[in-house]
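**Q** For reference, the structure I am asking about is given below.
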Amino acid sequence: QVQLVESGGGLVQAGGSLRLSCAASGRTFSTYSMVWFRQVPGTEREFVAGISWSGPTYYANSVKGRFSISIDSAEDTAYLQMNNLKPEDTAVYYCAARPSVVVVFTEDAYRAWGQGTHVTVSS
């Protein structure tokens, strides 16, 4: 079973940048997709960005042009570069993976999840 560990969260001022990492270990899939969701307490997790191992990337409208998802295949690590952060980006960010090259935008499609990393953007 694959294990995912996120890192890179923290406190940043509006307009700043952070890069989140999601390291995969264990039974990593030869072809899979990885995604980032985020969750504000009391609300459902929302899709942020996703990437297929074959290359296509997908973004929520709220982060397009500001966030960028990538994969380092040699390190089995996914990254989420977040630029021009806004207070409304404050949330716990989770990475998830599934053994398919098809990126799905709903959380119930994913079985492997990380523990989450907190991102706080101050105004």
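The values are calculated or read from the model by the stated rules, or taken from the named source; none is laboratory data. If you're wondering where the values come from, they're calculated on a predicted model, not measured in any experiment. Every residue, glycine as well, gets a Cβ built from its backbone with ideal geometry; the counts of neighbours run over all protein chains shown. Heavy atoms of the whole protein, side chains included, go into the accessibility calculation; ligands, DNA and RNA do not. Shrake-Rupley method; radii C 1.70, N 1.55, O 1.52, S 1.80 Å.
**Q** Amide H to amide H under 5 Å from Gln3: which residues, 5+ apart in sequence or cross-chain, H placed 1.01 Å off N in plane?
**A** Hits under the 5 Å cutoff: Ser25, Gly26, Arg27.
**Q** What share of Cα pairs, in percent, lie more than 21 angstrom apart in the stretch 1-71? Kindly include the intermediate steps, with their values, before the conclusion.
**A** Details: 789 of 2485 pairs.
Considering the stretch 1-71, 32 percent of its Cα-Cα pairs are separated by more than 21 Å.
**Q** Quickly work out the Gln3-to-Ser70 label distance, labels modelled 7 Å from Cα along the C-beta direction, and quote it in nm with one decimal.
**A** 2.7
**Q** Over all distinct Cα pairs, what is the inverse of the mean 1/r for the stretch 51-123, reported as the Kirkwood hydrodynamic radius in Å?
**A** Details: mean 1/r = 0.0737 Å⁻¹.
That comes to 13.6 Å for the stretch 51-123.
**Q** Assigning unit charges at the beta carbon (Lys, Arg +1; Asp, Glu -1) and nothing else, what dipole magnitude in debye, to the nearest 20, does the stretch 36-90 show about its Cα centre? Each step should come with its number before you reach the end.
**A** Values: 5 positive and 7 negative charges, 49 e Å.
Dipole size: approximately 240 debye.
**Q** Ignoring any ligand, DNA or RNA, what whole percent of the accessible area of the chain comes from carbon and sulfur when the probe is 1.4 angstrom?
**A** On the way: 2970 of 6190 Å².
Answer for the chain is 48 percent, counting heavy atoms of protein chains only.
**Q** In what order, largest first, do Trp36, Trp53 sit by accessible area if the probe radius is 1.4 Å?
**A** Numbers: Trp36 0, Trp53 75 Å².
Most to least solvent-accessible, the answer reads Trp53, Trp36.
**Q** Follow-up question, since we're still on this one. For the chain, give the magnitude of the charge dipole about the Cα centre (Cβ charges: +1 Lys/Arg, -1 Asp/Glu; no others), in debye to the nearest 20. Intermediate values should be presented prior to the final figure.
**A** Numbers: 9 positive and 10 negative charges, 20 e Å.
Magnitude of the dipole: close to 100 debye.
**Q** Another question, then. Over the chain, give the accessible area per residue in Å² for a 1.4 Å probe, as an integer. Can you show the working numbers first?
**A** Working: 6190 Å² over 123 residues.
Accessible area per residue: 50 Å².
**Q** Once R0 is set to 30 Å, what does the formula 1/(1 + (r/R0)^6) return for the Cβ-Cβ distance between Arg19 and Glu44, expressed as a FRET efficiency to the nearest 0.05? Mind showing how you got there, number by number?
**A** Values: r = 25 Å, r/R0 = 0.84.
E between Arg19 and Glu44, to the nearest 0.05, is 0.75.
**Q** State, to one decimal in nm², a quarter of the convex hull surface area for the C-alpha atoms of the stretch 40-83, i.e. the direction-averaged projected area.
**A** On the way: hull surface 15.6 nm².
In nm², the orientation-averaged hull projection of the stretch 40-83 is 3.9.
**Q** Cβ under 15 Å from Gly8's Cβ, Gly8 left aside: what net charge do those residues give with Lys, Arg +1 and Asp, Glu -1? Mind dumping the intermediate values first?
**A** Values: positive: Arg19, Arg38; negative: Glu6, Asp72, Glu75, Asp89.
Cβ neighbours under 15 Å give a net charge of -2.
**Q** Which residues does the label zone of Asp108 cover in the stretch 55-95, counting backbone N under 15 Å from a point 7 Å along Cα→Cβ?
**A** Output list for this probe position: empty.
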